[in-house]
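Down below is the structure, laid out as structure tokens.
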Amino acid sequence: TNTFTTSVGLVPTPSSVVLNVNNSLVVKYSHGLNSGKFLAVSRDNAGTETTADTGVTVTADVGYLITICIDKSLSEARYYIDGVYVARITANLPSAVATGQRATIVKSVGITARSFILASFMYSSVY
């Protein structure tokens with residue numbers, strides 16, 4: 001059995017290959033994590049995480065539109081999947097640091113090649 005975790009979101013070090021990055025907002029998936037559902041994650045500067053169940057079970061070979069929004073005062077992160085509001089996190093939010101977008105897949109068990117199709121990835125700031 002192969003085990004992998006995907007992570008898509010906003011991180012201060014987009015080139016990092018580490019799965020868990022401080023000061024980040026991401027959506028994670030692994031078949032053994034959160035019963036196979038997407039997991040919303042906020043991780044503060046000290047590395048403390050707050051998670052929220054999105055309620056969306058991942059289906060193979062299906063595309064998903066994932067959106068993460070954070071308010072200007074850094075008090076709330078909102079998560080959307082396919083345009084539907086699925087989670088809100090108000091604790092352990094990132095500090096006011098510059099971020100970039102990152103999508104990664106990390107394999108922890110197995111020898112079979114892994115793939116992750118990312119049709120598009122957009123980042124924008126609204127002030």
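The values are calculated or read from the model by the stated rules, or taken from the named source; none is laboratory data. Not measured: the values here are computed from a predicted model. Ideal geometry is used to build each Cβ from the backbone, glycine not excepted, and the neighbour counts take in all protein chains shown. Note: areas computed on protein heavy atoms with side chains; ligands, DNA, RNA excluded. Shrake-Rupley method; radii C 1.70, N 1.55, O 1.52, S 1.80 Å.
One table, with the values for the structure above:
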| item | result |
| --- | --- |
| Residue match in segment 10-18 (condition: open to solvent by less than 20 Å² (accessible area, probe 1.4 Å), touching a Ser or Thr at 6+ places or on another chain (Cβ under 8 Å) and aliphatic (A, V, I, L, M)) | yes |
| Residues that are at pLDDT 70 or above, hydrophobic (A, V, I, L, M, F, W, C) and within 17 Å of Ser75 (Cβ to Cβ), drawn from segment 85-127 | Ala87, Ile89, Ala91, Leu93, Ala96, Val97 |
| Residues of segment 88-104 classified as closer than 13 Å to Pro14 by Cα and in contact with a strand residue (DSSP E or B) (Cβ under 8 Å, 6 or more places away or on another chain), total | 6 |
